[in-house]
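What follows is a set of notes on a single structure, which appears directly below.
Coordinate-derived values only; no laboratory data. All of these numbers come straight from a predicted model, not from anything done at the bench. Every residue, glycine among them, receives a Cβ derived from its backbone with ideal geometry; neighbour counts consider all protein chains shown.
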Amino acid sequence: MSEQVGFVTMGAARAGETAAPVIGVGMLGYAFMGKAHTNAFKKIPYVMWPPPAVLRLVAIAGRSEEAVREAQRRYGYEKAYTDWRQLVEDPDVQLFDNGGPNDTHAEPCIAAARAGKHILCEKPLARTAAEAKAMLDAVEQAGVKHACAFNYRFVPAVCLARNLIEEGKLGEIYHFRARYLQEWIMDPNFPRVWRLNRAIAGSGALGDLGAHIIDLGRYLVGEIGSVMATARTFIKERPSATDPSHREPVDVDDAFEAVVEFENGAVGTLEASRFCAGRKNYNTFEINGSRGSIVFNLEDMNRLQVYFADEKVPETAGFHNVLVSESYHPYWNLWWPHGHIIGWEHTFVHEIGHLLEAIVHNESVAPYGATFRDGYRNAVICDAILQSAAQGRRVACVYEA
């Protein structure tokens, strides 16, 4: 890794004068995730006080010079590149943030690892398990810190769910049911954007949405051992994104359903679709155990429904709707008085702050943050789901690492 890491005095904190390392960040991609990640970069120095590090916005890269120059001005990066190789080679960059389309995950991340950069890569980690395994091998051989951006691990209510499970409050886990539903491509005249192109995306609803709930299942319940799945493409041709008069084939899944078996004996169902009218970002799961249950819905992300079978007061037994905003709840010490809720964008503050702590203090990103190993294992499951859907049979998930 480049040794050009400076320090900046942050002023007098409660514990006295503090110095936070300055880490240069280079970002590939500037759209949806570029905005979300940059927003977090700018918040961390004053929200996470004293901060683990201050991120210097060194450079941003993208294919279109006009668009990347505009992003540079908008977000405040010092430099702009149209070739990601220049970004990776920049000696002022210590953290490489890959928010590009899925087909630009593997090669740039492998190059960044070989250049000694720490890496944050958006999900899904890769288009296939083989591609993800090459990325995992590269970061492990380089000895850099690596994170796959499964940001829903960092929703305080999800963190609380993990804590309750780790403490044994739900007992033995029997069931995990998860759905991630959206509606944004239901119009048959919606163009064939890159997410609908297998060569770029790898898969459709599976990689876009399903990867998130697969990760939550692994994070909260355990490793998945086998899957039985079906998948559908409802609209098989769409207008070209560059020439609307021309129609192009859609070769990814619009929806999938899967029954999964966990290695610890729990069973589950996974469902993702971008064809659910009225559903905007409906990421929900329910976990049932021998001593209780948990329900979460991202569209009401500051709440967690909990039920404990040994409720002592029969008159109030049943699910309790917990507002996760108390000072003792995960991450809430960073924010506001209780009841002053936070939003989706704050998950990136928690996630990137966690990665910075790992970099600065040479700690592990796992188990609470997702690493490239988690991204690889997620990709194995995605591949197994597509294989099961194509072959009409149960498929074992075989992990090389």
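Amide H to amide H, which residues 5 or more places from Val22 or on other chains are under 5 Å from it, using H placed in the peptide plane?
Counting only residues 5 or more places away or on other chains, the set is Gly6, Phe7, Val8, Val54.
Please report Ile381, Ile359 as a ranked list, fewest other C-beta atoms within 10 angstrom at the top and most at the bottom.
Ile359, Ile381
Go ahead and run the numbers for FRET between Val322 and Phe190, Cβ-Cβ distance against an R0 of 51 Å, rounding to 0.05.
Using R0 = 51 Å, I get an efficiency of 0.85.
In whole Å, what are the Cα extents of the stretch 6-151 along the three principal axes, biggest one first?
49, 36, 28
Are there DSSP H segments in the chain that both extend 27 Å or more along their axis (alpha-carbon positions) and score a mean Kyte-Doolittle hydropathy of at least -0.5? List them, or say none.
372-391
Restricting to bridges with both residues inside the stretch 6-151, how much of the DSSP beta-bridge set is antiparallel, in percent to the nearest 5?
Percent antiparallel among DSSP bridges in the stretch 6-151 is about 25.
Distances longer than 23 Å among the Cα atoms of the stretch 295-401: what percent of all pairs is that?
56
Identify all lysines with a Cα-Cα distance to Lys117 below 26 Å; exclude those on the same chain that are fewer than 8 residues away in sequence.
Within reach: Lys35, Lys42, Lys43, Lys79, Lys133, Lys145.
Any idea what log10 I(q)/I(0) is at q = 0.14, 0.16, 0.21 Å⁻¹ for the stretch 126-202, Debye with uniform C-alpha scatterers and no solvent?
-0.88, -1.01, -1.07
Mind checking which aspartates and glutamates have their C-alpha under 17 Å from Lys169, skipping anything on the same chain fewer than 8 residues away?
Reachable aspartates and glutamates: Glu286, Asp310, Glu311.
For a quick check of your reading of the filter: which trypsin sites (Lys or Arg not before Pro) in the stretch 265-347 sit in a DSSP loop and have no more than 11 other Cβ atoms within 10 Å?
For trypsin sites (Lys or Arg not before Pro) across the stretch 265-347 that sit outside H, G, I, E and B with at most 11 neighbouring Cβ atoms in 10 Å, the list reads Lys280, Lys312.
Under 25 °C and 0.890 mPa s, how fast does the stretch 85-229 diffuse according to Stokes-Einstein, given a Kirkwood radius computed over C-alpha pairs? Answer in µm²/s, whole number.
142
Within the stretch 160-190, list the chymotrypsin sites (Phe, Trp or Tyr not before Pro) lying in a DSSP loop whose Cβ has at most 14 other Cβ atoms in a 10 Å radius.
Trp184
Just order 49-56, 94-101, 368-375, 136-143 by mean Cβ neighbour count inside 10 Å, highest at the front, would you?
My ranking of the peptides, most packed first, is 94-101, 368-375, 49-56, 136-143.
Whole number please: convex hull volume per residue, Cα atoms of the chain, in Å³.
Convex hull volume per residue, Cα atoms: 148 Å³.
Could you give the alpha-carbon Rg of the stretch 306-354 over 2.2 N^0.38 Å, rounded to two decimals?
1.52
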